[in-house]
2 protein chains.
Amino acid sequence: MVKIGSLFMGGDHPVVVQTMTKTDTRDVGSTVKQIHELEGRGCELVRLAVKDREAAQALRAIKREVSIPLVADIHFDARLALAAIESGADKIRLNPSNIKDPAMIREVARTAKAAGVPIRVGANLGSMDPALSRAERARALAEEALAEARLLEEEDFQDIVVSVKSSDVREMVEAVHLVAEASNYPLHLGVTEAGPLQQSLVKSSAGIGALLLDGIGDTIRYSISDSPTLEVDAAWMLLAAMDLRRRGPQIVSCPTCGRCEVPDMLSLVTQLEARLNEIAKPVMVALMGCVVNGIGEGKNADVGIACGRDQGVLFVRGQPVRHIQPAAFIDTLIAEANKL
Amino acid sequence: MVKIGSLFMGGDHPVVVQTMTKTDTRDVGSTVKQIHELEGRGCELVRLAVKDREAAQALRAIKREVSIPLVADIHFDARLALAAIESGADKIRLNPSNIKDPAMIREVARTAKAAGVPIRVGANLGSMDPALSRAERARALAEEALAEARLLEEEDFQDIVVSVKSSDVREMVEAVHLVAEASNYPLHLGVTEAGPLQQSLVKSSAGIGALLLDGIGDTIRYSISDSPTLEVDAAWMLLAAMDLRRRGPQIVSCPTCGRCEVPDMLSLVTQLEARLNEIAKPVMVALMGCVVNGIGEGKNADVGIACGRDQGVLFVRGQPVRHIQPAAFIDTLIAEANKL
């Protein structure tokens, strides 16, 4: 277990939702604005690229304006980690693939220890030899991270988080299993370079989800070539799907088929989704196109409508309440959800 | 292993991509049009709701116009299964939760056997008692499907596919594991009522992906409250992510961060995604915002651009080729991919 600012990670603590800003860290105004947006979506920890001394110094001004802990993302130049700690970074990420000087890593460990700042050893597949087999690459990736963790421990540094990421889902899952078997460090999960929204949701959810189902993972990050708020949304969707944590409402809705007797059912679901922010509670809202699974799912949900011919039956906590016309579906679901 | 029309499923055969039409099956023109769209996206098996005799009869006209096998989705009334087989359905799905008369199920088995038509026993959680624990529900779901499969076997019927679905990912994964341990039937995987696009991609990929990683699953279906072509796209994205099958190009692209020195990198990825249909081959195309993972991932991809300051380096099969200006990134990647 590590403590990052006031946030606990690992052990029995809830899986932490994190992401990374996409602004230039030296642009304090834009970065603070983006962090506020991310906080509003439920981001609990945010990482910022620190690519030079100016970015490291900007952390100080950014930290004054935001309430979630900041992670300084360091590559190539370990001196930037020292500068980031000096600026008040709550956690450091070091990439063992491009920071290799043991003396510098030891110095970062001593400085971080004195400041009470944890370090994530974050190894990525990008640096592995593509001629190796998948199993060999996974082993090399895990070993790269564990070797750097051992180096930190030699400086009596214990506040270590580990990640081993790849854009290859099987490799990432295999490497994480190896690290989990070999150590007790809190684990940060993610699939790197997962691509545009739909592809990343598929790849990241498959990889991170499989590990969470096995009880592995203490913090998760979706990498999406799109807005970082979508990364945070996806993380919460996955934690809810895994029944680990809930934030805001969930939709249970059918894909529809030739059995659906309510016209425009799919656009009703889209409307419901667009108005979910009007529901403050972590409730499950069902909108089902027919009675096949509709009644059952309607009963399982907190609030649900199961459609019959041209109209629906409202269920609240499993009890049928009244008939509803399609034009009133969305308003009814939102009103009933907020009444709970 | 079963044979559905000319399609093999199970054993060592590739995982089959399937989905369901959302049109009224009785509307032959719309249904045929949608099936053609789905075939064009790589759908290999398509299920149609057969909710009445007219829908069962429509299968005959639909089948004449399409080349992929058709599955008749039957609930409540097993006589519709007989009518669908009569109309040339290539496979029948029976829901054990709402078709319970053993004599009727036996009759369907005998008719299907005579016609060489496989049956999927498709149980859904919607019908389970919500007062049960998750483990109890998973066990009841698996048992419901296996009991119906045994009934079919008593009629010397062997061409059985099994599915146990739920909108609860853990429950579905648990139930599938129970069926996989207890039998050798080809397994159809899916998360029911998974909701709108983003949520369904998260839930379905986590559940189906975890099972595929364990080597379980012979056909997959994404349920999304949106266009069925998105369901097919997602299925292919998952199979590619699992390194099981490839269809068309894959994108490796970074989420970007404050390190990215190319302006509008995210919109370049969006442009690339929109033009992927111009690449005919199942190649991996990388577009990386900086050198941190860029060079490595660029090398792993078939064609890739890794950006430095205001420009990128083109990699083809791991070899750096030349510098490229951002305005030419997309055209270059597409041209080089098609040259391979």
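The values are calculated or read from the model by the stated rules, or taken from the named source; none is laboratory data. Quick caveat, the model's predicted, so the values are computed rather than measured. Cβ placement follows ideal geometry from the backbone for every residue including glycine, while neighbour counts extend to all protein chains displayed. In case anyone asks, the SASA skips ligands and DNA or RNA and just uses the protein heavy atoms, side chains included. Shrake-Rupley method; radii C 1.70, N 1.55, O 1.52, S 1.80 Å.
If you go through the range A:47-59 and pick out every residue that is among the basic types (K, R) and assigned to a helix (DSSP H, G or I), you end up with 1. The listed residues are A:E336, A:E297, and the only one of them that is touching a strand residue (DSSP E or B) at 6+ places or on another chain (Cβ under 6 Å) and either crowded, with 23+ Cβ neighbours inside 10 Å or modelled with pLDDT under 90 (or both) turns out to be A:E297. Consider the range A:60-75 and keep the residues that are part of a loop (DSSP other than H, G, I, E, B) and touching a helix residue (DSSP H, G or I) at 6+ places or on another chain (Cβ under 8 Å). The one that is most open to solvent (accessible area, probe 1.4 Å) is A:S67.
The residue of the range B:204-233 that is most open to solvent (accessible area, probe 1.4 Å), among those that are in a helix (DSSP H, G or I) and β-branched (V, I, T), is B:T229.
For the range A:238-249, how many residues meet the condition of being within 7 Å of chain B (Cβ to nearest Cβ), closer than 14 Å to A:M284 by Cβ and crowded, with 22+ Cβ neighbours inside 10 Å?
First pass over the range A:238-249, keeping only residues within 7 Å of chain B (Cβ to nearest Cβ): A:238, A:241-243.
Keeping just the survivors that are closer than 14 Å to A:M284 by Cβ gives A:241, A:243.
With the extra rule that they be crowded, with 22+ Cβ neighbours inside 10 Å, the set shrinks to A:241.
Residues flagged as within 7 Å of chain B (Cβ to nearest Cβ), closer than 14 Å to A:M284 by Cβ and crowded, with 22+ Cβ neighbours inside 10 Å within the range A:238-249 amount to 1.
Count of the range B:219-242 residues, restricted to those that are under 15 Å from B:H36 (Cα atoms) and among the hydrophobic types (A, V, I, L, M, F, W, C), is 2. For the range A:150-172, which residues satisfy the criterion of being within 27 Å of A:S205 (Cβ to Cβ) and assigned to a helix (DSSP H, G or I)? Result: A:V169, A:R170, A:E171, A:M172.
When you look at B:T256, is it within 8 Å of another protein chain (Cβ to nearest Cβ) and touching a residue at least 24 places away in the same chain (Cβ under 8 Å), yes or no? Show your work before the answer.
On the way: within 8 Å of another protein chain (Cβ to nearest Cβ): yes; touching a residue at least 24 places away in the same chain (Cβ under 8 Å): yes.
For B:T256, the condition - within 8 Å of another protein chain (Cβ to nearest Cβ) and touching a residue at least 24 places away in the same chain (Cβ under 8 Å) - is met.
Applying the set (1) open to solvent by 30 Å² or more (accessible area, probe 1.4 Å); (2) out of contact with any strand residue (DSSP E or B) (no Cβ under 7 Å at 6 or more places or on another chain) to A:E273 leaves exactly one unmet item: (2). If you filter the range B:176-187 down to residues that are in a helix (DSSP H, G or I) and touching a residue at least 40 places away in the same chain (Cβ under 8 Å), you find that the one that is surrounded by the fewest Cβ atoms within 10 Å (Cβ to Cβ) is B:A182. When the residues of the range B:11-46 are narrowed to those that are more than 12 Å from chain A (Cβ to nearest Cβ), of a type outside the set (A, V, I, L, M) and part of a helix (DSSP H, G or I), which ends up farthest from B:P282 (Cα to Cα)? By that ranking, first place goes to B:G29. Residue-level check: of (1) part of a helix (DSSP H, G or I); (2) open to solvent by less than 50 Å² (accessible area, probe 1.4 Å); (3) farther than 25 Å from B:D233 by Cα, B:A306 misses just (1). In the range A:284-340, the qualifying residues are those that are touching a residue at least 40 places away in the same chain (Cβ under 8 Å) and closer than 20 Å to B:R137 by Cβ, and the one that is nearest to the chain's Cα centre (by Cα) is A:A301. Please go through the range B:56-102 and give me each residue that is within 14 Å of chain A (Cβ to nearest Cβ), farther than 23 Å from B:V16 by Cα and in contact with a Lys or Arg (Cβ under 6 Å, 6 or more places away or on another chain), ordered by number. Scanning the range B:56-102 gives a single hit, B:A58.
Determine whether B:A109 is over 29 Å from A:G304 (Cα atoms) and open to solvent by less than 10 Å² (accessible area, probe 1.4 Å). Considered against the rule, which asks whether it is over 29 Å from A:G304 (Cα atoms) and open to solvent by less than 10 Å² (accessible area, probe 1.4 Å), B:A109 comes out as yes.
Within the range B:191-202, track down each residue that is part of a helix (DSSP H, G or I) and more than 7 Å from every other protein chain (Cβ to nearest Cβ). Step through it out loud before you land on a result.
Step one: of the range B:191-202, the residues part of a helix (DSSP H, G or I) are B:197-202.
Matches in the range B:191-202: B:L197, B:S200.
Of the residues in the range B:297-314, at least one is on the phi > 0 side of the Ramachandran plot and of a type outside the set (A, V, I, L, M, F, W, C). Quick one: is B:E171 open to solvent by 40 Å² or more (accessible area, probe 1.4 Å) and either out of contact with any Pro (no Cβ under 8 Å at 6 or more places or on another chain) or within 20 Å of B:I92 (Cβ to Cβ) (or both)? No; evaluated as a whole, the condition is false for this residue. Do the conditions hold for A:A280, that is, is it closer than 30 Å to A:L213 by Cβ and within 25 Å of the chain's Cα centre (by Cα)? In short, yes. Take the residues in the range B:203-237 that are touching a Leu at 6+ places or on another chain (Cβ under 7 Å) and under 12 Å from A:Q199 (Cα atoms), then tell me which one is nearest to the other protein chains (Cβ to nearest Cβ). Top of the filtered list is B:S205. Among the conditions (1) under 24 Å from A:L189 (Cβ atoms); (2) in contact with a strand residue (DSSP E or B) (Cβ under 6 Å, 6 or more places away or on another chain), A:Q34 misses just one, which is (2).
Of the set (1) open to solvent by 20 Å² or more (accessible area, probe 1.4 Å); (2) modelled with pLDDT under 95, all apply to A:P96 but (1). In the set B:G11, B:G40, B:G29, only one residue is on the phi > 0 side of the Ramachandran plot and either open to solvent by less than 40 Å² (accessible area, probe 1.4 Å) or at pLDDT 95 or above (or both); that residue is B:G11.
Tell me which residues, restricted to the range B:76-93, are in a loop (DSSP other than H, G, I, E, B), farther than 25 Å from B:E44 by Cβ, open to solvent by 20 Å² or more (accessible area, probe 1.4 Å) and modelled with pLDDT of 95 or more. Working first, answer last.
First pass over the range B:76-93, keeping only residues in a loop (DSSP other than H, G, I, E, B): B:76-78, B:87-90.
Pick out the ones that are also farther than 25 Å from B:E44 by Cβ and you get B:76-78.
Subsequent filtering for residues that are open to solvent by 20 Å² or more (accessible area, probe 1.4 Å) retains B:76-77.
Residue satisfying the conditions is B:D77 alone.
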